[in-house]
1. Given a cut-off of 20 Å, name the pairs among LYS9/LYS223; LYS9/LYS40; LYS63/LYS194; LYS63/LYS166; LYS166/LYS223 whose C-alpha atoms lie farther apart than that in the structure shown.
2. Tell me the GluC sites (Glu not before Pro) within the range 32-121 that lie in a loop according to DSSP and have at most 15 other beta-carbon atoms within 10 Å.
3. Report, largest value first, the span of the C-alpha coordinates of the chain along each principal axis, in whole Å.
4. Restricting to DSSP H runs of at least four residues, report the calculated mean residue ellipticity at 222 nm for the chain, -39500 (n - 2.57) per run over all residues, nearest 500 deg cm²/dmol.
5. Multiply the residue gap between SER78 and PHE11 by 0.36 nm, knock off their C-alpha separation, and tell me the result in nm, one decimal place.
6. DSSP loop trypsin sites (Lys or Arg not before Pro) in the range 185-237 with at most 13 other Cβ atoms within 10 Å of their Cβ, which ones?
7. Quick one: grab the alpha carbon gyration tensor of the range 37-182, order the square roots of its eigenvalues as a ≥ b ≥ c, and give me rounded if a/c is under 1.5, else prolate or oblate depending on whether a/b is larger than b/c.
8. Simple spin-label model, 7 Å along Cα-to-Cβ: GLU146 to ARG187 in nm?
Amino acid sequence: MISARNLVKRFGDFTALDDVSIDVPEGRVCAVIGASGSGKSTLLRCINQLEPTESGEVLVDGKRIGWTEGRNGPHRASERDLRLQRADIGMVFQHFNLFPHFSVMQNLIEAPMAVRGLSRAEARERASNLLAEVGLEGREDAFPSELSGGQQQRVAIARALCMEPKVMLFDEPTSALDPELVGEVLRVMERLVKKGMTMMVVTHEMDFARDAADRIVFFDQGKIVESGSPGQVLDSPEHPRTQAFLSRLLRVRT
Ligand SMILES: Nc1ncnc2c1ncn2[C@@H]1O[C@H](COP(=O)(O)OP(=O)(O)OP(=O)(O)O)[C@@H](O)[C@H]1O
């Protein structure tokens with residue numbers, strides 16, 4: 001469902017993604033782990049083309065993101081086409097990125113109305129159902145500043161789902177949260193996993209990665225250096241950089 005092939009991303013002379021290829025089949029969950037600065041966020045931002053890549057391609061549900069098929073072959077997608085393509089790719093950021101001057105309901109309904117063409121009534125109904133699913137019924141009129149971090153992140157997840165995306169990308173969704181609020185967001189994500197959502201999750205939550213992911217990839221200096229089942233990568237890492245990263249994590253925890 002998500003297929004990134006040979007992605008190369010440079011910031012000036014610095015190579016942030018160095019020929020990265022990754023596939024996430026429909027209904028599967030891929031956890032992306034790695035040290036700070038290794039390129040995990042850049043990968044997600046290149047998948048939905050928030051960042052242009054130097055080379056490589058991304059297909060979501062078989063469609064090449066950032067490109068449109070024309071009569072004379074593929075050409076760069078217009079902003080409008082790109083917005084439509086991105087609507088299939090839900091994104092949840094570390095810092096929630098809600099619109100601060102919009103209520104919870106407005107945060108959810110604006111994009112489905114503008115991009116998917118839903119009527120206000122349709123969008124509100126969809127939003128109400130999703131807010132109930134993330135445990136926030138009754139908070140439609142609240143503003144983001146009136147909510148806890150965990151509640152804001154649950155709104156952000158509901159907002160992404162309101163577009164009925166085909167896949168979801170999560171960029172360290174719990175790392176800006178107080179520890180006691182992490183669980184409520186992970187539980188919402190676990191429910192999505194159970195429903196069969198195709199997901200790519202950048203995370204430092206190893207318990208979540210172990211339980212929810214089908215595959216874990218370990219990133220180091222813009223490359224995937226190890227990839228396998230959670231058991232393989234977390235319990236018997238083969239690459240020395242993965243071993244060092246995991247033993248550092250273990251030392252921090254104990
Ligand atoms: N817009 C940018 N301009 C220049 N360099 C950038 C930019 N965005 C990211 N980088 C660099 O690319 C590298 C990868 O960054 P990225 O944010 O993808 O890492 P990460 O693995 O997600 O790290 P973290 O876990 O800290 O979020 C870093 O060295 C970062 O400084």
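1. Details: LYS9/LYS223 11 Å; LYS9/LYS40 12 Å; LYS63/LYS194 25 Å; LYS63/LYS166 12 Å; LYS166/LYS223 26 Å.
Table pairs above 20 Å Cα-Cα are LYS63/LYS194; LYS166/LYS223.
2. GLU54
3. Here the Cα extents, ordered largest to smallest, are 56, 54, 33 Å.
4. Numbers: 8 runs with 93 residues, N = 254.
Computed ellipticity for the chain at 222 nm equals -11500 deg cm²/dmol.
5. Details: separation 67, 0.36 × 67 = 24.12 nm, distance 2.35 nm.
That works out to 21.8 nm of additional length.
6. Working: sites: ARG187, ARG191, LYS194, LYS195, ARG210, ARG215, LYS223; in loops: LYS195.
Those satisfying the criteria are LYS195.
7. Values: a/c = 2.68, a/b = 1.44, b/c = 1.85.
Oblate, since a/c reaches 1.5 and b/c is not below a/b.
8. Rounded to a tenth, the inter-label distance reads 2.3 nm.
FYI, it's all coordinate maths here, none of it is from the lab. Treat the numbers as computed from the prediction; the structure is a model and nothing was measured. Here Cβ is always computed from backbone atoms with ideal geometry, including for glycine, and neighbour counts include all displayed protein chains.
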